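Report on the following structure.
Readers should treat all values here as calculations from the given coordinates under stated rules, not as data from a laboratory. Computed from a predicted structure; not experimentally measured. Cβ placement follows ideal geometry from the backbone for every residue including glycine, while neighbour counts extend to all protein chains displayed.
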Amino acid sequence: MYDAGKVIIGIIVFLVIASFPIWYAVAGGKSADIPELEKAAKGDNCVMETEEMRAAHMDLLNDWRKLVVRDGLRYYTAFDGEKVEMSMTKTCLGCHPNKDAFCDRCHNYMAVNPYCWDCHVNPKEFE
Amino acid sequence: MGIDRRGFLKVSGLTVLGIASGKASETFASSDSHGHTSDGTTKRYAMVIDLQLCKEQEGCTDCVNACHHVHNVPEFDNRKDEVKWIWKDSFHHAFHEQEHHYLDKDIVNHPVLLLCNHCDNPPCVQVCPTKATFKRESDGIVMMDWHRCIGCRYCVVACPYGSRSFNWRDPRPHIEEVVDDFPTRTRGVVEKCTFCEERIFEGRPPACVEACKHGAMAFGDLEDPESRVRELLRDRFSIRRKPALGTEPEVYYLV
Ligand code: SF4
Ligand code: SF4
């Protein structure tokens, strides 16, 4: 095989450049710019454990939607036994009043674009 | 000694009749005049509008304003894009099948308040391919799940009362003052009156009923014989829109 050394060096250089973002983040000890979310304005905990909420809030909201609109039920018992109204505007925004410092920051980071706010009202927007 | 043809027909005829009448008496025993059954826990919400009282308040639109305000209903400057939950139209348009020459001119010449009739047998529900429109069994309210509506407008065509509006344009810029505890809608979605189910759950009357200072509107549960709506329907003569269609509208008009 001709020029095997050069080809192998070329491949190595290519791999190093292509994987740069990964090892740079690993070497830096953190992935770039994990968003800081604003702490809840009131209450010590959410309606589910924080970890669970982080992973499954979209499923919870989907369930709430179904229970309220289709079954006419309104209250949800949180994991600590507290009863809350199944309302994004009243309950979620009640503790996290700044949509941009909470919802948006994470959604922008994850590049997901839910259309909740096409209909549901963010009161701050209309103040 | 077998049974002859005539005898056989007699016996089988009687048997069929017997089965049929048995079925019929069962059906009538467990249901009311609407043909729907009640176990005492379900409700059947209805509205009663007093045309006499309403006509005395020439030009009053308190109910319309209240409803459209609390539900973020947009106001467009042309009829083509109009979105309406509750509105007024002529007696002729509302009750054209029930007109005759000798009706009280006072009533006939006055606009009638119209809204979704929350029909017991709603054609809009039958045609909706996504089940975005559905009738809630617990209280009979014909609801819309705006999350699911794909804007196909089958329901707009199916509703014989013109109770549904389509959002041709983004409604938000056309809402004078956005109320933040009720969602707005988006372009491409159909909407209509929901009997204020969000208020009923809090034990409050619908916004229009509350706004009418003249007591021309009443709201309540038809399953409850003591309710205000039942009382009014007992004491006064009432009509409904297009009763011949069999949709069983649950908005009643006292004349
Ligand atoms: S009035 Fe029209 S929209 Fe309302 S329930 Fe009846 S058919 Fe459906
Ligand atoms: S426009 Fe929406 S509510 Fe009406 S029939 Fe189509 S999906 Fe159902």
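Quick notes
- Cβ-based net charge around A:Asn45, under 12 Å, with every Lys or Arg adding one and every Asp or Glu removing one: -4
- Rg ratio for region A:80-119: its Cα radius of gyration over 2.2 N^0.38 Å, N being its residue count, equals 1.33.
- Links that overshoot a 26 Å alpha carbon limit, given the list B:Lys55/B:Lys84; A:Lys42/A:Lys124; B:Lys88/B:Lys192; A:Lys124/B:Lys88: A:Lys124/B:Lys88
- Footprinting exposure proxy ranking of B:Val178, B:Val112, fewest other C-beta atoms within 10 angstrom first, gives B:Val178, B:Val112.
- Within the same chain, aspartates and glutamates fewer than 8 places from B:Lys131 are excluded, and of the rest, those with a Cα less than 16 Å from its Cα are A:Asp71, B:Asp145, B:Glu191.
- Equivalent ellipsoid semi-axes - Cα gyration tensor, region B:172-255, angstrom: 29, 18, 13
- Region A:55-103, Cα convex hull volume normalised per residue, Å³: 86 Å³
- Unit charges on C-beta of K, R, D, E only; dipole of the protein assembly as shown, Debye: 1380 debye
- Packing rank of B:125-136, B:97-108, B:212-223, where each peptide gets the mean count of other beta carbons within 10 Å, highest leading: B:212-223, B:125-136, B:97-108
- Size descriptors for chain A (Cα atoms only): Rg and Dmax, in that order, 22.4, 75 Å.
- Both radii are taken from the alpha-carbon atoms of region B:37-183; with Rh as the Kirkwood radius, Rg/Rh is 0.98.
- Taking one quarter of the surface of the convex hull spanned by the alpha-carbon atoms of the protein assembly as shown gives a direction-averaged projected area of 39.9 nm².
- For region B:126-188, the spread of Cα coordinates along the three principal axes comes to 34, 26, 22 Å, biggest extent given first.
- The phi torsions of region A:36-43, fed into the Karplus equation with coefficients 6.51, -1.76 and 1.60 and a -60° offset, translate into couplings of 8, 9, 5, 5, 4, 6, 8, x Hz, rounded to whole numbers, with Gly and Pro shown as x.
- Per the Cα gyration tensor, region B:101-255 maps to an equivalent ellipsoid with semi-axes of 27, 19, 18 Å, ordered largest to smallest.
- For chain A, the longest principal axis of the C-alpha atoms and the axis of helix A:50-65 are separated by about 50°.
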